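Below is one structure, written out as structure tokens; the observations come after it.
The values are calculated or read from the model by the stated rules, or taken from the named source; none is laboratory data. For clarity, every value in this text was computed on a predicted model and none was experimentally measured. A quick note on method: Cβ atoms are made from the backbone with ideal geometry, for glycine too, and the neighbour counts reach across all protein chains shown.
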Amino acid sequence: MTAVIDFQGVTKRHGPLTRLDALDLTVNQGEVLALLGHNGAGKTTTMHLILGLISPSAGRVTVLGGAPDGVHAATLRRRLGYLPENVSFYDQLSGREVLDYLARLKRGNRRQVDELLERVGLGDAAQRRVKTYSKGMRQRLGLAQALLGEPQLLLLDEPTTGLDPAATRDFYDTVKALRERGCTVLLSSHVLPGVEPYIDRALILGGGRRLALGSLDTLRHEARLPLTIRARGRLVGQDWRHGWEDPRIEARPLNGHELTLSVPAEAKLAVLRRLADSPGVEDIDLQPPTLEHLYTHFSARHAAGERGDAP
Ligand SMILES: Nc1ncnc2c1ncn2[C@@H]1O[C@H](COP(=O)(O)OP(=O)(O)OP(=O)(O)O)[C@@H](O)[C@H]1O
């Protein structure tokens with residue numbers, strides 16, 4: 001596998017403040033990595049280091065085989081696409097004029113402009129001034145400019161902020177198509193619902209430090225969070241709160257028709273057996289911890305450690 005991004009012990013300090021602390025990270029070609037963290041966690045700092053806008057105080061950053069702040073920076077930047085967190089454009093220009101202008105600056109192919117506007121769903125609005133665009137349309141234009149020149153690496157900072165659920169889904173579908181072409185994508189986000197099917201791994205940052213890194217399965221394994229089991233049916237007549245072998249199991253019956261259980265992974269089969277053997281149970285749903293649960297878990301553990309009240 002080819003490493004597109006490689007961080008070896010990367011630290012970025014600013015006076016007394018450590019914005020990023022000894023980060024090790026390798027991202028391979030065609031991978032989609034979600035960069036997650038609270039405000040100030042170090043997500044934008046990581047992206048700025050990849051773009052070569054800032055240099056590390058210690059450690060080594062390699063992007064597409066070179067140092068992004070070194071002599072190859074200009075060539076390298078043409079192979080990167082970047083959607084900043086607060087993207088803004090010349091409001092008096094139309095979407096097409098904005099993109100045409102940026103294509104010239106990036107020395108990209110201007111014939112790409114119309115195709116990109118179509119790809120992000122702005123074909124019909126291409127002639128309208130940007131000042132008449134909604135937040136979602138501006139974000140799409142931002143994505144189109146990041147895609148100028150067929151970049152091999154895309155950095156998308158909070159790309160779905162302000163987008164409605166349909167626009168968010170469209171956006172992620174575009175990311176999926178790019179990934180299928182072999183493009184590597186890094187997207188930072190606070191907004192997690194909906195992102196899971198589109199990412200290969202997540203990096204959770206806290207206070208500039210790496211709190212967790214891995215696929216959803218790896219993070220679930222590491223966090224060992226309970227899973228949720230839901231049963232539906234005619235559930236009256238049994239004391240569901242008690243009688244479980246494992247004391248960690250929490251059962252919450254609701255109006256005689258629904259039962260929600262919080263179950264440690266090791267007790268899953270025993271719970272499923274009891275439910276399946278209960279005549280009133282008509283349906284069972286199994287929900288492993290979501291990325292949002294995992295994010296909350298790792299961030300809370302970090303916050304507790306910082307306060308000194310970690311278990
Ligand atoms: N130009 C700068 N000068 C000094 N400190 C900075 C600068 N930019 C960011 N920081 C600090 O570095 C730390 C990491 O910030 P960063 O912007 O990377 O976080 P983030 O995870 O992107 O947060 P957000 O979600 O708020 O965008 C924060 O403590 C922030 O205050």
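From the list 192, 187, pick out the single residue that is modelled with pLDDT under 95, within 15 Å of residue 41 (Cβ to Cβ) and in a loop (DSSP other than H, G, I, E, B). Walk me through it before giving the result.
On the way: 187 fails: in a loop (DSSP other than H, G, I, E, B).
192 is the lone residue from the list that is modelled with pLDDT under 95, within 15 Å of residue 41 (Cβ to Cβ) and in a loop (DSSP other than H, G, I, E, B).
Tally up the residues in the stretch 36-56 that are within 12 Å of the ligand (Cβ to nearest atom), out of contact with any Phe, Trp or Tyr (no Cβ under 8 Å at 6 or more places or on another chain) and either farther than 19 Å from residue 81 by Cα or outside the structural domain of residue 188 (by TED's automatic domain parsing) (or both), please.
Selection size over the stretch 36-56: 6.
Go through the residues of the stretch 181-197 one by one and say whether even a single one is within 16 Å of the ligand (Cβ to nearest atom), surrounded by fewer than 16 Cβ atoms within 10 Å (Cβ to Cβ), closer than 30 Å to residue 63 by Cβ and within 12 Å of the chain's Cα centre (by Cα).
Yes, that holds for at least one residue.
Take the residues in the stretch 101-125 that are without any contact (Cβ under 8 Å) to a residue 12 or more places away in the chain and of a type in the set (Asp, Glu); name whichever of them is nearest to residue 148 (Cα to Cα). So that I can check it myself, show each step before the final result.
Going through the stretch 101-125, the residues without any contact (Cβ under 8 Å) to a residue 12 or more places away in the chain turn out to be 101, 104-105, 110-111, 115, 118, 123-124.
If we keep only those that are of a type in the set (Asp, Glu) too, we end up with 115, 118, 124.
Numbers: 115: 10, 118: 13, 124: 19 Å.
Among residues in the stretch 101-125 that are without any contact (Cβ under 8 Å) to a residue 12 or more places away in the chain and of a type in the set (Asp, Glu), the one nearest to residue 148 (Cα to Cα) is 115.
Is it the case that some residue within the stretch 145-165 is under 26 Å from residue 49 (Cα atoms), touching a Lys or Arg at 6+ places or on another chain (Cβ under 7 Å) and among the aliphatic types (A, V, I, L, M)?
The answer is yes; a qualifying residue exists.
Considering only residues that are assigned to a loop (DSSP other than H, G, I, E, B) and without any contact (Cβ under 8 Å) to a residue 12 or more places away in the chain, look in the stretch 1-35 and name the one that is nearest to the ligand (Cβ to nearest atom).
Ranking the candidates gives 15 first.
Could you list, in sequence order, all residues of the stretch 198-214 that are in a strand (DSSP E or B), surrounded by 21 or more Cβ atoms within 10 Å (Cβ to Cβ) and in contact with a Lys or Arg (Cβ under 7 Å, 6 or more places away or on another chain)?
Across the stretch 198-214, the qualifying residues are 203, 205.
Taking the stretch 215-243 as the region of interest, how many residues are part of a strand (DSSP E or B) and not β-branched (Val, Ile, Thr)?
The total comes to 5.
Any chance the stretch 59-66 includes a residue that's farther than 17 Å from residue 155 by Cα and touching a residue at least 12 places away in the same chain (Cβ under 8 Å)?
Yes, because at least one residue in the stretch 59-66 is farther than 17 Å from residue 155 by Cα and touching a residue at least 12 places away in the same chain (Cβ under 8 Å).
Give all pairs with beta carbons closer than 6 Å in which a residue from the stretch 266-295 that is assigned by TED's automatic domain parsing to the domain that holds residue 247 and surrounded by fewer than 17 Cβ atoms within 10 Å (Cβ to Cβ) meets a residue that is among the aliphatic types (A, V, I, L, M) and modelled with pLDDT under 90; count only pairs at least 6 apart in sequence or on separate chains.
Close Cβ pairs satisfying both conditions: 280/235.
Quickly run through the stretch 9-28 and pick out the residues that are of a type outside the set (D, E, K, R) and more than 17 Å from the chain's Cα centre (by Cα).
9, 10, 11, 14, 15, 16, 17, 18, 20, 22, 23
Yes or no: the stretch 65-86 includes at least one residue that is touching a Lys or Arg at 6+ places or on another chain (Cβ under 7 Å), buried (at least 16 other Cβ atoms within 10 Å of the Cβ) and part of a loop (DSSP other than H, G, I, E, B).
no
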